[in-house]
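Worksheet: the structure to be examined is printed underneath.
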Amino acid sequence: MNLIRNLRQLLESYVFILLLSLTLGLLIPQYAIHLAGWTSIFLGVIFFLSALKIDLKEVLTYLNDRKMVVMANAVMLIGLPIVVYFATRLVYPDLAIAFMLLAAMPAGMTSPLLAEICGGKQSLALVITITTSLLTPFTIPLMVKLLAGADVQVDTLGMFLSLVKVIFIPFVLANIVKYFWHHKIKATYFTFKPISTLLLGLLIMGIVAKQADTILSGLNLKFLLQVSALFLLYALFHVVGYYVAWWRKPNDRVTITICLAYNNFTLAIYLAGKFFNEPNIVVPVVLSVLPWSLLIIPFKYYTKKLK
């Protein structure tokens, strides 16, 4: 029983899966590269499983503070990507597109859980997660076209259709499944996280395998600088998130911080690998899971001091 429990904990660990996927993608790229063709399916299943746990009626019930929800969406999906892109171009141009892509992501599906852990409002996190996720098929291609269109050639229409495929379709299917088999599905919730994390690992492995030669030849000071820059970026996400709704109570501000800082990096990894396929974009986006996973520790401590 202990072995099974430990195995499940490993499968639920983003950091463990990231390290394992990176290692396998680099060591056996000739095999792992075959996973690259399945990234859309992997991400679609991850979003489908996440959407199965969302109560759409509950979301509509809590959609009452329109000013805060609109402000959070506008900052997360439009304002922050613009600021991050131009600021990064001034300081570290090679990372501008990768950082813009990370800044443009919707709230992660774990935001309601993390908000509850840190003393935020789970209901508000749920609303922001759904609204940002359903808007991103429109906002991400727009941001890429407006900001990075002159630097890289990206099929923005193809990006829009891919986002529809991995977000809208799984969301609709999940709600249809819940309508007919809600109680049966609820009993399987405990399997969703390990399955999703495993699929995330396969997605990362396939994307990294395509860049294995370039990554292995570039493991130097530049690599460490990218990791450091990512931690600074995610620290900025925390600061911006906390002051988006400066007029609200601390628990609301903590919630928005969670939604902004702990965003859907899985979607960013998928888009980077599918539409950009350049090491200076793919590698930093994949490595974003490090600050994503680790900064929750000091932030949780900070929220305890707020109380």
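The values are calculated or read from the model by the stated rules, or taken from the named source; none is laboratory data. What you are looking at is a predicted structure, and each value in this text was computed from that prediction instead of being measured. Counting neighbours? That spans all protein chains shown, and the Cβs are built from the backbone with ideal geometry, glycine included.
The criterion of being modelled with pLDDT under 90 and touching a Leu at 6+ places or on another chain (Cβ under 6 Å) does not hold for VAL69.
Residues in the stretch 265-307 that are outside any helix (DSSP H, G or I) and either touching a Pro at 6+ places or on another chain (Cβ under 7 Å) or at negative phi (or both): GLU278, SER288, LEU295, LYS307. Taking every residue in the stretch 236-252 that is crowded, with 18+ Cβ neighbours inside 10 Å and in a helix (DSSP H, G or I) and pairing it with any residue that is among the hydroxyl-bearing types (Ser, Thr, Tyr) and at pLDDT 85 or above, at least 6 positions away or on another chain, the pairs with Cβ-Cβ distances below 7 Å are HIS238/THR257; GLY241/THR257; TYR242/THR257. Of the conditions (1) buried (at least 18 other Cβ atoms within 10 Å of the Cβ); (2) of a type in the set (Gly, Ala, Ser); (3) within 29 Å of GLN226 (Cβ to Cβ), GLY79 satisfies every one except a single condition; which number is it? Against the list (1) buried (at least 18 other Cβ atoms within 10 Å of the Cβ); (2) of a type in the set (Gly, Ala, Ser); (3) within 29 Å of GLN226 (Cβ to Cβ), GLY79 comes up short only on (1).
Inspect the stretch 99-113 for any residue being surrounded by fewer than 17 Cβ atoms within 10 Å (Cβ to Cβ), in contact (Cβ under 8 Å) with a residue 12 or more places away in the chain and either over 24 Å from PHE275 (Cβ atoms) or hydrophobic (A, V, I, L, M, F, W, C) (or both) and give the result as yes or no. No; the residues of the stretch 99-113 include none that is surrounded by fewer than 17 Cβ atoms within 10 Å (Cβ to Cβ), in contact (Cβ under 8 Å) with a residue 12 or more places away in the chain and either over 24 Å from PHE275 (Cβ atoms) or hydrophobic (A, V, I, L, M, F, W, C) (or both). When ILE117, ILE204 are screened for being crowded, with 22+ Cβ neighbours inside 10 Å, of a type in the set (Val, Ile, Thr) and modelled with pLDDT under 85, only ILE204 passes. Scanning the stretch 259-287 for residues that are aromatic (Phe, Trp, Tyr) and closer than 18 Å to SER40 by Cα gives PHE265, TYR270, PHE275, PHE276.
Scanning the stretch 152-196 for residues that are buried (at least 16 other Cβ atoms within 10 Å of the Cβ) and closer than 18 Å to THR129 by Cβ turns up LEU163, VAL166, ILE167, PRO170, PHE171, ALA174, LYS178, PHE192, LYS193, SER196.
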